[in-house]
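Scroll down for the structure; my scribbles are underneath it.
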Amino acid sequence: MAIASALSKLSIFATFICLAAQPALANEPSFSSTADTVFDVIKTGDPSSFSCLTYEGRDTREMWDKRLDAEPTLSAFLFQAHFTDSPSIDIILNPEFQSEAEARAEAMRYTRGLGQLPLVLRSGIKQFGIHKGREGFHGGSGKIFMYQDQSSHRISQNKLEESIFHEAVHASLDARYRLDPDWVAAQNADGRFLTRYAASRPDREDLAETALFAYALLRHPGRIPPVDSRDILAAVPNRIEFIRAILDNNEAPDEGPTIPVSCQ
């Protein structure tokens, strides 16, 4: 991917960059975090490539759990979420869900949102784990862990899809890009952060925080009000161009989808 080439396209933002000198755009981040904004970037009714969920039985899996600050091995409920445009994702649930029916109902709350992700984000998710409780979500290399009560809270805010997107950036992009010299150069050139959460952890959270705003402006520009859009574009033009290059490289993975007959 020609990141350096993408960074040269900043002329399209020239109208907005000049606004950075205005007093309204101080260096203080405009938002607390992406989860705390009122923007509904990914709507529940948006198209999803999710096809069906198949039950694969019970087996032992390691499941990172913030409640324990540990990764116990559990006899987890195993499902596979199938998509029309990418390989399936393993969804594993803590045995505290007690039954296949309870575990399936919980797993289904996330499948449509997973199918709404850009391929470049979804293809990097190898395991999607679910616990009970209200801990903060966690995304690491290839893995995401969610918590039932926190998910219910996010659903009440119309933010579950956005939370899945944020964690998918951690799972799929962090290892390659969060410390990439071009990304760091874009951070330095912009000189600002969009959220206080990103500013507090620039090497760990800025990519995931900025990516959702960039995705909104690049793919759903009408979903953030014009005044906020101008502020975002003026604050982080270099990082938006970096993320544009990633999203434009949103190719299907080499391994195509394998959808069971029961899904078709």
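The values are calculated or read from the model by the stated rules, or taken from the named source; none is laboratory data. Not measured: the values here are computed from a predicted model. Cβ coordinates were reconstructed from backbone atoms using ideal geometry, including for glycine residues, and neighbour counts include every protein chain displayed. To get the accessible areas, we keep the full protein, side chains included, count just its heavy atoms, and leave off ligands, DNA and RNA. Shrake-Rupley method; radii C 1.70, N 1.55, O 1.52, S 1.80 Å.
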Restricting attention to the range 57-79, does a residue exist that is open to solvent by less than 40 Å² (accessible area, probe 1.4 Å), part of a strand (DSSP E or B), modelled with pLDDT of 95 or more and on the phi > 0 side of the Ramachandran plot? yes
Identify all residues within the range 107-119 that are assigned to a helix (DSSP H, G or I) and either open to solvent by less than 20 Å² (accessible area, probe 1.4 Å) or hydrophobic (A, V, I, L, M, F, W, C) (or both); write none if there are none. ALA107, MET108, TYR110, THR111, GLY113, LEU114, GLY115, LEU119
When you scan the range 84-96, how many residues do you find that are open to solvent by less than 20 Å² (accessible area, probe 1.4 Å) and farther than 15 Å from ARG61 by Cα? 1
Under 6 Å between Cβ atoms, which residue pairs at least 6 apart in sequence (or on different chains) link something in the range 75-94 that is farther than 12 Å from MET108 by Cα and of a type in the set (Phe, Trp, Tyr) with a partner that is open to solvent by 10 Å² or more (accessible area, probe 1.4 Å) and at pLDDT 95 or above? PHE83/SER49; PHE83/PHE50; PHE83/SER51
Being at pLDDT 95 or above, touching an Asp or Glu at 6+ places or on another chain (Cβ under 7 Å) and surrounded by fewer than 18 Cβ atoms within 10 Å (Cβ to Cβ): is that true of ARG104 here? no
State whether the residues of the range 38-45 include one that is in contact with a strand residue (DSSP E or B) (Cβ under 7 Å, 6 or more places away or on another chain) and either surrounded by fewer than 15 Cβ atoms within 10 Å (Cβ to Cβ) or within 24 Å of THR258 (Cα to Cα) (or both). no
Can ALA185 be described as in a helix (DSSP H, G or I), open to solvent by 60 Å² or more (accessible area, probe 1.4 Å), over 20 Å from ASN249 (Cα atoms) and at pLDDT 95 or above? no
Pick from the range 198-233 the residues that are assigned to a loop (DSSP other than H, G, I, E, B) and not basic (Lys, Arg): which of them is farthest from the chain's Cα centre (by Cα)? PRO225
Among the residues of the range 120-154, which ones are part of a helix (DSSP H, G or I) and under 15 Å from the mean Cα position of the chain (by Cα)? VAL120, LEU121, ARG122, SER151, ARG154
